[in-house]
Amino acid sequence: MKIGILCSKIRVEEKLLFQEFSKLNQEIVQINPNDLSLNGSKADFGKIDLLLNREIAQTRAELILEFAEKFGIKTINSAASTKLCNNKALTTNVLVKASISVPRTAIVFSVEEAMKIGQKLGYPLVVKPIWGSWGRLLSKVESQETLETILEHKQALNSPQNSIFYLQEYIEKPDRDIRVFVVGGKPIAAMYRVSKHWLTNTAKGAIPKGMKLNKELNALVEKTVQALGVEIAGVDIVESKKGYLVLEVNATPEFRGLKEVTNVNIAKLIVEYVLKGKKYVKN
């Protein structure tokens, strides 16, 4: 089996994956979107049998995965599950339908309706972009006046993405959130992301701290990834007075931070799953 790795940038994670494939003498090829021309033929991808998505540009990754699947190339994750995870509105909708606990959320399409929702959710609340990662373009909103200002600014940017408003209740949490890493639909490792800032994201400076998974988290994460149909993922969870709440699911998760606080060889488990579809013992 020949495996393609979809990535335009080789980060720490991709280097570790390449190393693990090399240890097993597995032939791999980097599929760089910047060098790719899709002309309606399987030959566009070379002679690969499977495409592992590690591309940081979400929109083009989705398109390339769609093309690959049309030609019978297996993809991890699938185009459908990747699209669901990349779109926060779709993710939330799927999780709510699956009876998975999430913060109260509304997706609206006008400033007027958003102002009504703001009063219902109460303040502070959080405004998020539908698409995006690394904690970028999130706003903690303290009042109706601030909400109106932020939304009018977004609307003035005159782009479809900025004219859809994702509003979510602000959750008081213990200066941390939880990232659970999933391989083959099973949780394999987890960490706290600790910060005094309300955004507890390592890209925003949060500090990773090791933690052990428990039965409740395992069950919640397994149900979450099953609902979204995602095989390899990073599930972000927050502790609240109501218990665990799922915030987001990342279909192309980084793991350099988690690698520093766990003994689990994440890259090795990903490679083994890609090659054999093994099921792993939880840690």
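Since every read-out is calculated from the coordinates, none of them should be taken as a lab result. As the structure is a computational prediction, the values presented were derived from the model and not from experiment. Cβ coordinates were reconstructed from backbone atoms using ideal geometry, including for glycine residues, and neighbour counts include every protein chain displayed.
Criterion first (among the basic types (Lys, Arg) and touching a residue at least 12 places away in the same chain (Cβ under 8 Å)) does Lys9 satisfy it? Taking the combined requirement at face value, the residue satisfies it. Of all residues in the range 213-253, those that are over 16 Å from Gly185 (Cα atoms), out of contact with any strand residue (DSSP E or B) (no Cβ under 6 Å at 6 or more places or on another chain) and not polar (S, T, N, Q) total 4.
Does the range 224-231 include one or more residues that are in a loop (DSSP other than H, G, I, E, B) and on the phi > 0 side of the Ramachandran plot? Within the range 224-231, one or more residues are in a loop (DSSP other than H, G, I, E, B) and on the phi > 0 side of the Ramachandran plot. So Ile188 passes all but one of these: (1) over 25 Å from Glu222 (Cα atoms); (2) among the hydrophobic types (A, V, I, L, M, F, W, C); (3) in contact with a Phe, Trp or Tyr (Cβ under 8 Å, 6 or more places away or on another chain); (4) crowded, with 17+ Cβ neighbours inside 10 Å. Which condition number does it fail? Against the list (1) over 25 Å from Glu222 (Cα atoms); (2) among the hydrophobic types (A, V, I, L, M, F, W, C); (3) in contact with a Phe, Trp or Tyr (Cβ under 8 Å, 6 or more places away or on another chain); (4) crowded, with 17+ Cβ neighbours inside 10 Å, Ile188 comes up short only on (1). Set side by side, the residues Lys204, Lys212 differ, and just one is surrounded by fewer than 21 Cβ atoms within 10 Å (Cβ to Cβ), over 21 Å from Tyr170 (Cβ atoms) and in contact (Cβ under 8 Å) with a residue 60 or more places away in the chain, which is Lys212. Scanning the range 38-89 for residues that are of a type in the set (Val, Ile, Thr) and within 27 Å of Val108 (Cβ to Cβ), we see that the one that is surrounded by the most Cβ atoms within 10 Å (Cβ to Cβ) is Thr82. Of the strands (runs of 3 or more DSSP E) contained entirely in the range 51-168, those carrying at least 2 residues that are within 25 Å of Ala227 (Cβ to Cβ) fall at 74-76, 105-108, 125-128.
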